[in-house]
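For reference, the structure is listed below as structure tokens.
The values are calculated or read from the model by the stated rules, or taken from the named source; none is laboratory data. Quantities reported herein were computed from a predicted structural model and do not represent experimental measurements. Every residue, glycine among them, receives a Cβ derived from its backbone with ideal geometry; neighbour counts consider all protein chains shown. Calculation scope for accessible area: heavy atoms of the full protein, side chains included, ligands and nucleic acids excluded. Shrake-Rupley method; radii C 1.70, N 1.55, O 1.52, S 1.80 Å.
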Amino acid sequence: SILQWMDQQDLASYDSVVVSTDMIAYGGLIASRIDRSSYNLAIKRLREFWRLRKTAPRTKFYGFSAVMRLAPTATNETQDWMMQMSQYAIIKDRFDHKPNVADSRRLKNLERIIPKGETKRYWNVRERNHKVQQELARMAGFGVFDYLIYGQDDAQERGPHIRETDRLREMVSNLNIGHKVYFAEGIDQHSNVLVSRALLQAAEWSPRVRIVWADEEAKKNIALYESDSIEESLRDQLVVSGATPVGENEAFDYSLYVNTPEPKTYNLKLFLDSLRSEVDQGFPVAVADINLGKTGTGDPALYNVVTEKGRATRLLAYAGWNTAGNTMGTAIPAANVYLLSRKERVDPLVREVALRKFILHRLVNDFEYHSFVRPEAYAMLKQMPNSTKAEAYGDDYERLNSYVADDIKDRLLKRFSDQLQGTRFFANGEQYEIVGLTEVEAYLPWPRAYEVKLEFEVQARPVSSVSDEERIPIVPLGEGSGVGS
């Protein structure tokens with residue numbers, strides 16, 4: 001188990017430890033949405049974690065916990081009623097506070113669709129998780145966590161999560177631990193966010209971030225799957241990452257360009273023109289594309305500007321898929337840590353190659369996969385009578401995985417060729433050239449096509465030692481080819 005693994009580590013030898021409390025208490029984020037672990041078992045595991053934490057009193061511990069999302073996890077078992085359960089939770093929460101005939105009728109109709117016993121299980125899990133999160137606040141009060149984030153998993157403006165969060169906020173206030181406990185949208189990105197915070201706090205530095213919106217009016221809206229305004233959500237991602245948002249006329253360390261959902265055409269044009277200009281002049285710029293729509297895929301207009309003339313390689317960060325919080329909480333930590341690495345004089349060769357690897361990965365994984373590969377994978381699944389979008393196994397999975405691996409690798413090589421290959425940079429007083437890729441792997445990490453696992457290494461050589469033969473993508477056949485490829 002994760003606790004046994006932690007027990008084998010010398011925790012005192014680390015400066016910081018970032019912990020998913022859902023992993024400790026339940027076995028992971030997906031496991032936190034089902035009733036496999038009882039409240040008593042979850043608390044027992046957290047007590048064991050507390051014991052391990054005491055072995056490293058000088059180590060900083062950063063934790064994050066998901067406020068449960070509205071819908072159950074998509075599986076073959078739940079796909080026919082998961083969205084109805086989400087509606088049920090919202091209506092039931094409203095009905096409990098203000099009973100009315102219309103909502104009573106709606107609840108009865110939904111109960112006919114949702115399998116018997118599932119609503120009770122759902123509320124039991126929510127109650128268990130909320131009680132565990134109350135215990136996490138007490139643990140923070142006792143110093144178990146130096147910093148704790150409650151991340152709101154996929155949600156809406158209304159629902160039981162609002163009351164749960166309000167109760168937690170009240171508890172945090174009563175315990176006087178508001179300086180070490182924070183609330184933010186999303187959950188997938190918070191390991192990134194806390195790594196950024198840990199590094200920045202250790203360095204006693206906070207990058208100042210100027211925000212450029214595609215549409216100023218749109219920042220007041222609430223993004224899909226979130227419960228707070230885009231403006232507030234962004235502020236929270238910045239604060240928990242250790243960065244400092246600044247005003248328009250204040251000094252800043254980098255600009256974060258945020259493409260808002262459905263920006264007005266004229267505003268988007270000005271936004272893209274400004275982005276082109278700042279990047280081409282060499283200003284420090286990161287990009288968060290949250291114009292994602294219901295499918296969670298990025299904006300082609302922004303992507304084209306980012307990738308034209310190899311512009312992506314001059315960014316500090318790029319992200320754009322799934323939810324607004326996930327995207328902003330990926331781009332911000334990446335920009336923070338890169339600038340910190342320059343400030344701390346990290347080996348320039350390591351730093352510059354890592355930046356280019358990150359940018360290329362996000363271009364292909366965020367935009368290319370979800371815009372092109374995933375829709376085709378879903379089309380394949382429709383032709384498979386024994387599989388669904390939620391789950392695929394056996395021969396269906398192998399066929400699906402083989403297609404995904406081949407297609408995303410082709411797109412990786414193409415994007416590498418037009419963005420990175422042959423580009424040069426200086427490090428340690430010498431000029432280097434990006435010459436190829438190695439250790440390429442691509443496969444579906446779960447029995448579904450919703451996300452892909454993509455790994456690779458970017459190779460750079462001193463310009464003086466690069467031969468013409470090396471100026472091609474290096475992908476050795478049979479090495480790191482991935483499952484089913």
Spans of helices (runs of 4 or more DSSP H) in segment 313-386 with at least 3 residues farther than 22 Å from R208 by Cβ, open to solvent by 20 Å² or more (accessible area, probe 1.4 Å) and not charged (D, E, K, R): 348-362, 374-382
How many residues does segment 276-324 contain that are charged (D, E, K, R), touching a strand residue (DSSP E or B) at 6+ places or on another chain (Cβ under 7 Å) and farther than 28 Å from P375 by Cα? 1
Complete set of residues in segment 282-291 that are open to solvent by less than 10 Å² (accessible area, probe 1.4 Å) and assigned to a loop (DSSP other than H, G, I, E, B): I290
With respect to G310, is the statement that it is of a type in the set (G, A, S) and either under 15 Å from the mean Cα position of the chain (by Cα) or in a loop (DSSP other than H, G, I, E, B) (or both) true? no
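Run down S227, S206, S255, S233 and say which single residue is open to solvent by less than 10 Å² (accessible area, probe 1.4 Å) and either free of Cβ contacts under 8 Å to residues at least 40 places away in the same chain or outside any helix (DSSP H, G or I) (or both).
Testing whether each residue is open to solvent by less than 10 Å² (accessible area, probe 1.4 Å) and either free of Cβ contacts under 8 Å to residues at least 40 places away in the same chain or outside any helix (DSSP H, G or I) (or both) leaves just S255.
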Would segment 61-84 turn up any residue that is modelled with pLDDT under 95 and of a type in the set (D, E)? yes
With the requirement that a residue be exposed (fewer than 10 other Cβ atoms within 10 Å of the Cβ) and under 20 Å from R36 (Cα atoms), what does segment 98-119 give you? K116, G117
Residue check for R235: basic (K, R) and within 18 Å of the chain's Cα centre (by Cα): yes
Segment 156-203: number of residues that are within 28 Å of G296 (Cβ to Cβ), open to solvent by 40 Å² or more (accessible area, probe 1.4 Å) and not in a helix (DSSP H, G or I): 5
Criterion (of a type in the set (S, T, N, Q), over 30 Å from L70 (Cβ atoms) and modelled with pLDDT under 95) met by exactly one of N249, N267: N249
Does at least one position in segment 415-426 carry a residue that is among the small types (G, A, S) and surrounded by fewer than 16 Cβ atoms within 10 Å (Cβ to Cβ)? yes
